[in-house]
Every structure is written in C-alpha cells, then in structure tokens.
Amino acid sequence: MIRINVTSVFVDDQAKALAFYTDKLGFIKKNDVPLGEARWLTVVSPADPDGVELLLEPDGHPAARPFKDAIAADGIPYTSFAVDDVFAEVERLKGLGVTFTQEPTDMGPVVTAVLDDTCGNLIQIAAMKPA
Amino acid sequence: MDSNADLFKALGDATRRVILDELSAQDGQTLFEICGRLAMKHDVASTRQAISQHLAVLEGAGLVHTRRQGRYKYHHLDTAPLRAIAERWPLDRRE
C-alpha cells in the first residue's frame, strides 16, 4: 500500500532551518546525510519518531524563492502542523522569539495561528476542537 | 452628483460587509486570514482572487488600508469615511 513517509519545506539555509525546527518548534533530527552540495536533512516529531519525516529542502531552484515570496506576502502558510493547544503553543513560541503573522484564531471547528519559520516560509499550527 | 459613490458601492455587498466585520473584530489581517475567516466562519465560497478584488474595492473607498511589514501585507480597517454618512444624515435632528 502506498503511504506518505516524507514531506518537505523549501528552506533558504539548512543549518538555520535545522536550528529553528528543532530548538524552537521542538522537532528532533532524524536523518542527516550528505547529498551532492546539500544534505538529506529530515526532522520528526518526538511524539512520533518513526512517523512522517519533514525534509528541510534547499530552495536553490530559481522558481522556488519567487513562489515563496508571493505566497508569504498574502500570508499563506506553506504547510500546517498539529498541536494540542494553539494558544499555549503560541505563548511558548513567542517566548522563544518566534514571529506570528496570524494570532490564534477561532475558525469554527479548528483554532489556527500562522508563524514565520525564518527560512522564507509561513507555517500554520492548528488544533481541532473537541467534538 | 453623489460625492460618495465609491463608499456606497463598497458597502453595498454582503461579502464586503462581512470583511469589514472581521477586520473590526481583529484589525491587521493577511489575505490568508481574511479568506480563512470568510470560508470557515461565514461559509463564503468565493475564491481568494475574488476576496482580493473585494479588498481592492474597500481600499478604493478608503475603508481598508494595506500595510507592508517585512515580507507580509496586512489589511487594516478605517472607519473614517463612514463619518460622511453621519454628517449627511445626522442621527439626532431633534434640536
């Protein structure tokens, strides 16, 4: 059966991205393998270390940065991660100096917020409300 | 002729009025946040492009201002143009 084992974000600097995604967001490094001029660099959630890996992929392709700039200007997140409590997580991340373009917002069935990953992307964090 | 035609045109659309409601609730929103609120809270099925055009109409009437901060563009509510309505038809004429 086909399944999703890796997804990716385009980052402007892999070392900076690894620091942000681990030290701030709280992921842990999974794979770090030299690959050409870059690295096959992935992180996972400590809640699911054998689960889906997030690839921190260099954005060197000439089309990548104009794309990132255009969607970021409109506040559109590149991807979304799940948290238990958006309000608490935003407090924690702001304490670490993380910038948000959208404060925690009640969107009906879900609460969301949007942060700047410092690597050229906006990232949504979301929590479904209890049914 | 009507000097505030842009203002009344801008206000004469339900989606644009909901945009003003949401900016009134939380000022300074990205296009993404506005679209999310309209879709999730108000069942507005418009495309992002259509919402962007609504915002342009509101901006043309002076009811919305945009501000660039770093790489991001935020939309702010400006109710100042509404004063023209109250001045044209004052609320209290009992004097």
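Only one residue in A:Val90, A:Val114 is over 18 Å from A:Ser8 (Cβ atoms) and within 11 Å of chain B (Cβ to nearest Cβ), so which one is that?
A:Val114
This table checks each residue for (1) more than 14 Å from chain B (Cβ to nearest Cβ); (2) touching a strand residue (DSSP E or B) at 6+ places or on another chain (Cβ under 6 Å).
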| site | (1), (2) |
| --- | --- |
| A:Glu57 | yes, yes |
| A:Asp74 | no, no |
| A:Val86 | no, yes |
| A:Gln124 | no, yes |
| A:Met128 | no, yes |
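Condition test on B:Gly62, is it at positive phi and modelled with pLDDT under 95?
When the stated conditions are applied, B:Gly62 does not pass them.
What is the one condition in (1) among the small types (Gly, Ala, Ser); (2) under 20 Å from A:Ala70 (Cα atoms); (3) at pLDDT below 95 that B:Ser52 does not satisfy?
Only one criterion is unmet by B:Ser52, namely (3).
Taking the criterion of being open to solvent by 70 Å² or more (accessible area, probe 1.4 Å), aliphatic (A, V, I, L, M) and modelled with pLDDT under 95, would at least one residue in the range B:2-19 satisfy it?
No, the range B:2-19 contains no residue that is open to solvent by 70 Å² or more (accessible area, probe 1.4 Å), aliphatic (A, V, I, L, M) and modelled with pLDDT under 95.
Any residue at all in the range A:54-62 that is within 30 Å of B:His75 (Cβ to Cβ) and out of contact with any Phe, Trp or Tyr (no Cβ under 6 Å at 6 or more places or on another chain)?
no
Please give the strands (runs of 3 or more DSSP E) falling wholly within the range A:5-108 in which 1 or more residues are closer than 30 Å to B:Leu55 by Cβ, open to solvent by 50 Å² or more (accessible area, probe 1.4 Å) and not aliphatic (A, V, I, L, M).
Strands (runs of 3 or more DSSP E) meeting the threshold: A:6-11, A:79-82, A:100-106.
Filter the range B:28-56 for residues that are within 11 Å of chain A (Cβ to nearest Cβ), open to solvent by 50 Å² or more (accessible area, probe 1.4 Å) and part of a loop (DSSP other than H, G, I, E, B) and give the result.
Once the filter is applied, which keeps residues that are within 11 Å of chain A (Cβ to nearest Cβ), open to solvent by 50 Å² or more (accessible area, probe 1.4 Å) and part of a loop (DSSP other than H, G, I, E, B), the range B:28-56 yields only B:Asp43.
Of the residues B:Arg17, B:Arg67, which is of a type in the set (Lys, Arg) and either in contact with a Lys or Arg (Cβ under 6 Å, 6 or more places away or on another chain) or in contact (Cβ under 8 Å) with a residue 12 or more places away in the chain (or both)?
B:Arg67
The values are calculated or read from the model by the stated rules, or taken from the named source; none is laboratory data. Quick caveat: nothing in here was measured; it's all calculated off a predicted structure. Heads up, the Cβs are rebuilt from the backbone with ideal geometry, glycines too, and the neighbour counts pull from every protein chain shown. Ligands, DNA and RNA are excluded from the accessible area calculation, which covers all protein heavy atoms including side chains. Shrake-Rupley method; radii C 1.70, N 1.55, O 1.52, S 1.80 Å.
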